[in-house]
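What follows is a set of notes on a single structure, which appears directly below.
The values are calculated or read from the model by the stated rules, or taken from the named source; none is laboratory data. Nothing here was measured: the structure is a model prediction, and the numbers come from that model. Every residue, glycine as well, gets a Cβ built from its backbone with ideal geometry; the counts of neighbours run over all protein chains shown.
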Amino acid sequence: MNPKQSVIIGYDCVSPLGTDIKTQWERAVRGDSGIGQLTRFPVDEQFPVQIAGQVDAIDESAYPFLAPRQMVHWTSPIFKYALLVAHRAIENSRIEITPDIAPRVAITFSSAVGGLDAVILADRRMREEAKLPHPFTNPNSCINMVGGKISILTKATGPITSTITACATGITSVIIGSMMLEQGKADVAICGAVDFALVEPIVAGFSTMNGTFHSKPGHPPEPPSRASRPFSVDRRGFVISEGAGCIVIATKEFAKAHGLDHTIQVAGWSMTSDAHHFVAPNFETVTRCIRESICNAGIEPGQIDAINAHGTSTKVGDQVEYDAIRSVFGNRIPPVSANKSQTGHAMGASSAIESIFAIRGMNHSMLLPTINYTPDPKIELDCVAEGARNHSQEFLLKNAFGFGGCNSCVVFQRI
């Protein structure tokens, strides 16, 4: 046993499926969709995106650190949701960050998009009202400020960094946290990501990139709940969503010494760069990332019991992910769950949220379904399309791939 091996001691998330973990899990198991009409900002018929995965408001009065007086200057929603999931994950872990422990608690919690909404509001204020930006505009838009605010909340004073790797940010955060633990630089790491990118120009920008879901010309509109359909023959782009997920990890040695429960460990990981294209994935480096993460766990591909896919619902992205999986696993591909079919794509937060669903599934011997799935003859996968499935898992592979060719894969192990 490696005493420096990273184990999961707590987690929490918010997603379009709910703002508490119990509700989200129950809805995910039922096969519900969190996708609905876009209402985060006014939308007319000409706006290119009409649907989204939105997170419900939370009862801020239940948390003193989210009181209006505390949050008055922190206008971007990334802060309140990041602080909420970090607080609840630490509470769930039962760890108390005392002054003697604090220097050994790292923070790798980050964001892919950050608080750009604050900059956009400031720009409108300057143009429409001829007023200078609010003094907290830049702090709200500073991506590493999310980790800084978590540090202030938790009093953790160990290493802190922002692991920005686009849509892979959440799982990269876990990897970098694990590296710090393995190198003896920390005993605990607060990992995860938050993104609330439902802001007009960002949403419209994804549409002009031809990435977001669009209805088939000449066909009637489909229900929003049907729009996100990873690996499906009729997939037509991703659905933009929002959310936050926090995963608290510790060394086995620390967890044991402090009586902290743990059933899942980070068994292996890999990160690769495509050096290929700014958005289109590269088969060779994606395949290497998957293969190396399994090798790093000290196991063979045949020992992987399930895959939690990146699965965005894009034509090219899903095909390359499948081709890479097929290259590694051959004709013995384990069952694949694509959680974005239910939650949409919450940018960097997606892989944190999906990892939490995967970890919970491992503990419950359950695979979540890939909803809205219609088989694609070019993609031969068991996507758990029939609904949630009882399935024991010792090893699970989690894939995450981001813009700029940022690939991150982790193997989780039930212990």
Fill in: Every residue from segment 264-301 that is surrounded by fewer than 22 Cβ atoms within 10 Å (Cβ to Cβ), more than 18 Å from F401 (Cα to Cα) and among the hydrophobic types (A, V, I, L, M, F, W, C)
C295, I299
Worksheet item: Listed residues G158, G184; which is over 23 Å from V286 (Cβ atoms), modelled with pLDDT of 95 or more, crowded, with 20+ Cβ neighbours inside 10 Å and more than 17 Å from the chain's Cα centre (by Cα)?
Response: G158
Worksheet item: Which residue pairs have Cβ atoms under 6 Å apart, sit 6 or more places apart or on different chains, and have a first residue in segment 56-72 that is not assigned by TED's automatic domain parsing to the domain that holds R88 and a second that is surrounded by 11 or more Cβ atoms within 10 Å (Cβ to Cβ)?
Response: none
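Pull up segment 384-404, narrow it to residues that are under 18 Å from Q303 (Cα atoms) and of a type in the set (A, V, I, L, M, F, W, C), then point me to the one that is nearest to the chain's Cα centre (by Cα). Full working, then the answer.
Filtering segment 384-404 for residues under 18 Å from Q303 (Cα atoms) gives 390-399.
Subset that is of a type in the set (A, V, I, L, M, F, W, C): 395-397.
Values: F395: 19, L396: 16, L397: 15 Å.
Looking at the filtered set, the residue picked out is L397.
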Worksheet, complete the sentence: Scanning segment 87-112 for residues that are in contact with a Gly (Cβ under 7 Å, 6 or more places away or on another chain), in contact (Cβ under 8 Å) with a residue 60 or more places away in the chain and either surrounded by fewer than 19 Cβ atoms within 10 Å (Cβ to Cβ) or under 18 Å from G148 (Cα atoms) (or both) gives A89, I90, N92, R104, V105, A106, I107, T108, F109, S110, S111, A112
Item to complete: For segment 364-415, enumerate the residues that are in contact with a Cys (Cβ under 6 Å, 6 or more places away or on another chain) and either assigned by TED's automatic domain parsing to the domain that holds G237 or hydroxyl-bearing (S, T, Y) (or both).
Response: T370, Y373
